[in-house]
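Below is one structure; the comments refer to it alone.
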Amino acid sequence: MALVRILIDGYSLLHGWPELAPNAARHSHQARETLLTRLTRYRDATSVPITVFFDGQGVPAGTPKLASSSEMEVLFSRAGQTADDMIERTAYRMKAYGEVLVVTDDNAERDTVINMGGLAASCSSFIAQVEAAISEVNFDLKHHNRREIQRFRRS
């Protein structure tokens, strides 16, 4: 069965991917934007919708809202709630629609999702998957462009 959505613990993934935004604090707007840009490229390559959850209580007032759509959703938890709570609830509710993949380095969270019948991945394995998919698209695009240039030169 194909994945219906990927659910990501945003700060967990940011902490597991320090080379993504090396000059930005892990909880900064810049780091979140860089992460979402990379995840959007991955979503474009795989066509699997993504929801990224961030713990909201640490977000300073006046932080700009991040763009969100049904294909690339960005959610912040409210006071008294964690991103983990939201991920668990979403994974449980989406069970009826197909498989979801939860990405986090929180072992207890991964175990909870697996016990509910979902799939879970560590941040490092997901990062490798993202990088491989983006590299494959870049490779395909490069070769497509070369063929088109050659075809154009022959005409």
Grab the other residues whose beta carbon is less than 13 angstrom from that of A133, score K and R as +1, D and E as -1, and report the net. -1
In deg cm²/dmol, rounded to 500, what helix-only [θ] at 222 nm does the chain give when every DSSP H run of at least 4 residues adds -39500 (n - 2.57) and the total is split over its residues? -16500 deg cm²/dmol
Cut-off is 10 Å between beta-carbons; in what order do R38, R5, R153, R93 appear when sorted fewest neighbours first? R153, R93, R38, R5
For M72, which sequence-distant residues (separation of 5 or more, or a different chain) have an amide H within less than 5 Å of its own amide H, given hydrogens modelled in the peptide plane? I50
Hey, with R₀ at 25 Å, roughly what FRET efficiency would R93 and H143 work out to, going by the Cβ-Cβ distance, to 0.05? 0.05
What is the pair-distance distribution P(r) of the chain, computed from all Cα-Cα distances in 5 Å bins starting at 0, with each bin given as a whole percent? 2, 9, 17, 20, 19, 13, 7, 5, 3, 2, 2, 1, 0, 0
Treat the count of other C-beta atoms within 10 Å as a stand-in for reagent exposure and order T90, T37 from fewest to most. T37, T90
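Values quoted throughout were computed directly from the atomic coordinates according to the rules given, and no laboratory measurement underlies them. Given the structure is predicted, the values throughout are model-derived calculations rather than measurements. Cβ coordinates were reconstructed from backbone atoms using ideal geometry, including for glycine residues, and neighbour counts include every protein chain displayed.
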